[in-house]
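Have a look at the structure below, then the notes.
No lab work stands behind these numbers, since they all come straight from the coordinates. As the structure is a prediction and not an experimental result, all values here were calculated from the model. For neighbour counting, all protein chains shown are included, and Cβ atoms are generated from backbone atoms with ideal geometry for every residue, glycine included.
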Amino acid sequence: MNVFERILSSSRIFKNRDVLRHTYTPDELPHRDEQINALATILAPALRYETPSNVLIYGKTGTGKTATVKFVARQLEEMSSKLGVRCFIHYINCELIDTQYRVFASIANALGRNIPMTGLPTDHVYEEMKKALDLRRQVVIIVLDEIDKLVKKGDEALYNLTRINSELINAKVSIIGISNDLKFKSFLDPRVLSSLSEEELVFPPYNAEQLRDILEQRAKLAFHDGVLDDDVIPFCSALAAQEHGDARKALDLLRVSGEIAEREGADRVTKEHVKKAVKKIESDQIAETVRTLPTHSKVLLFGMIVLTESGYRKFTTGEVYTVYRNLCKKIGLDALTQRRVSDLISELDMLGIINSIIISKGRYGRTREIRLEMPVDDLKAVLLEDYRLEALSSYEKNLKSLTTLDTFGEA
């Protein structure tokens, strides 16, 4: 039997796990009727070939902003097709498309042009976008998700988009901006802000009961009947409610719980699987944070791995600094001062990658006790993804060779 046949035939947990992912737009959105109706009212003029107001949508992560916009957009396109009015909705994730050039190119390409994502003058790309928009009588709604990522690189794109209707004959353009960062408005020119925020919608966090309804709706589609213990969905909902009512967190917890149960060959998803999912998700989040750290912080963490593998359950700043200096020498990196290293250790503590506490040693003063919060093997694997640290992969776990440098004071 093919190895994948065996895996597929033995899967007793999931019916369709994709309905638990953020990219899935359900046929119904529980507890978002008010926001759906408000957005639909704002966009309804498009069905009369009128320009809808621009709208800014705010709310914390996982409050249903993007799902609501996609839900309403889908219904708008369905109704426009019935009425014979051309409404075109183009979705842009500004975390990926975060410059004026790329925004214009994305819009032009969605309307049939073939613009490279780099290499042309921005003015030329703007003109091509304008031609593509005005080619036919239509209402074009541009959705800028995570709009704050675009604004932080300048508001030129928004300035041009909010004024483009005055240059068009056939088409009408409206903008929907989505953000979980209210502060981004402070980066905008007042004229852009007044044009962009003609309407504003705020999405409140979900409570535990609402999250439970969302999970129950998705679970019917995601899992085979009877595989979830009764306390799994309430537990996932309660945990996510503590994280400012984050539906994404709740859906991730439920999906990862199912995946863990599946890999273990279990017939049911239990509360214990949810607890394991919490640890896995936290570990994955920490791993992603580690990948973005500066090189010196990564070397510090590798030094802590060396100490841990040498039998140290906890270590002081001085011990870490001694190993860090030796590792810097190994990869040809100029070591920072111990004071600066102490600052980096505090930053790692704030990020949750390590645990660092100040303890009193009486007349010997105070010192810091440090331990890793992430499994050593997982942390090492992430650190060694960085080509600059590859030379450390074969470094021997010999504590004596690491501590033969000068003795340094402890912070």
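Taking only the C-alpha atoms, wrap a convex hull around segment 312-388 and report its volume per residue in Å³ as a whole number. Mind dumping the intermediate values first?
Numbers: hull volume 8.2 nm³, N = 77.
Taking the convex hull of the Cα positions in segment 312-388, it is 106 Å³ per residue.
Could you give the C-alpha radius of gyration of segment 215-314 expressed as a fraction of 2.2 N^0.38 Å, taking N as the number of residues it contains?
1.37
Please find the FRET efficiency linking residue 213 to residue 263, where r is the Cβ-Cβ separation and R0 is fixed at 25 Å, and quote it to the nearest 0.05.
Numbers: r = 28 Å, r/R0 = 1.13.
For residue 213 and residue 263, the calculated efficiency is 0.30.
How large is the convex hull of the C-alpha atoms of segment 80-161 per residue, in Å³?
On the way: hull volume 7.4 nm³, N = 82.
For segment 80-161, the hull spanned by Cα atoms encloses 91 Å³ per residue.
Relative contact order, percent, of segment 233-392 when contacts are C-alpha pairs under 8 Å separated by at least 6 residues? Mind showing how you got there, number by number?
Numbers: 155 pairs, mean separation 32.9, N = 160.
Once normalised by length, the contact order is 21 percent.
Note the full-extension length gain between residue 113 and residue 183 as 0.36 nm times their separation in residues minus their Cα-Cα distance, in nm to one decimal.
21.7 nm
For n ≥ 4 DSSP H runs only, could you compute -39500 (n - 2.57) per run for the chain, divide by its residues and tell me the 222 nm figure to the nearest 500?
On the way: 17 runs with 198 residues, N = 411.
Result for the chain: -15000 deg cm²/dmol, rounded to the nearest 500.
Scan the chain and report its longest stretch carrying no trypsin sites (Lys or Arg not before Pro) that are both in a DSSP loop and have at most 10 other Cβ atoms within 10 Å. The partial results should precede the final answer.
Details: sites that count: 313, 361.
It works out to 1-312.
First measure r as the distance between the Cβ atoms of residue 376 and residue 191, then evaluate 1/(1 + (r/R0)^6) with R0 = 45 Å and state the FRET efficiency to the nearest 0.05. Intermediate values should be presented prior to the final figure.
Working: r = 54 Å, r/R0 = 1.21.
Working from the Cβ atoms, E equals 0.25.
DSSP loop (so not H, G, I, E, B), at most 16 other Cβ within 10 Å: list which GluC sites (Glu not before Pro) in segment 48-130 pass both filters. Can you show the working numbers first?
Working: sites: 50, 77, 78, 95, 127, 128; in loops: 50, 95.
Loop-located and lightly packed - 50, 95.
Report, largest value first, the span of the C-alpha coordinates of segment 33-203 along each principal axis, in whole Å.
Its Cα atoms span 43, 40, 26 Å along the three principal axes.
For segment 269-355, what relative contact order do you get, as a whole percent, if you take Cα pairs closer than 8 Å and at least 6 residues apart? Numbers along the way, then the final one.
On the way: 37 pairs, mean separation 26.4, N = 87.
Normalised by residue count, the contact order of segment 269-355 is 30 percent.
For segment 263-307, state what percent of all Cα-Cα pairs lands in each successive 5 Å bin, counting from 0 Å until the bin that includes the largest distance.
The calculated distribution, bin by bin, is 5, 17, 17, 17, 13, 10, 10, 8, 3, 0.
Over the chain, what is the mean sequence separation of C-alpha contacts under 8 Å (at least six apart), divided by residue count, expressed as relative contact order in percent? Write out the running numbers ahead of the final one.
Values: 612 pairs, mean separation 67.2, N = 411.
Reported relative contact order: 16 percent.
State the dimensionless ratio Rg/Rh of segment 1-129 (Rg: radius of gyration of Cα atoms; Rh: Kirkwood radius). Can you show the working numbers first?
On the way: Rg = 19.5 Å, Rh = 18.0 Å.
Dividing the radius of gyration by the Kirkwood radius yields 1.08.
Considering the convex hull of the alpha carbon atoms of the chain, report its projected area averaged over all viewing directions, in nm², one decimal. The partial results should precede the final answer.
On the way: hull surface 109.3 nm².
Answer in nm², one decimal: 27.3.
Which shape class applies to segment 155-261: rounded if a/c is under 1.5, otherwise prolate when a/b exceeds b/c and oblate if not, where a ≥ b ≥ c are the square roots of the Cα gyration tensor eigenvalues?
Values: a/c = 3.81, a/b = 2.55, b/c = 1.49.
Prolate.
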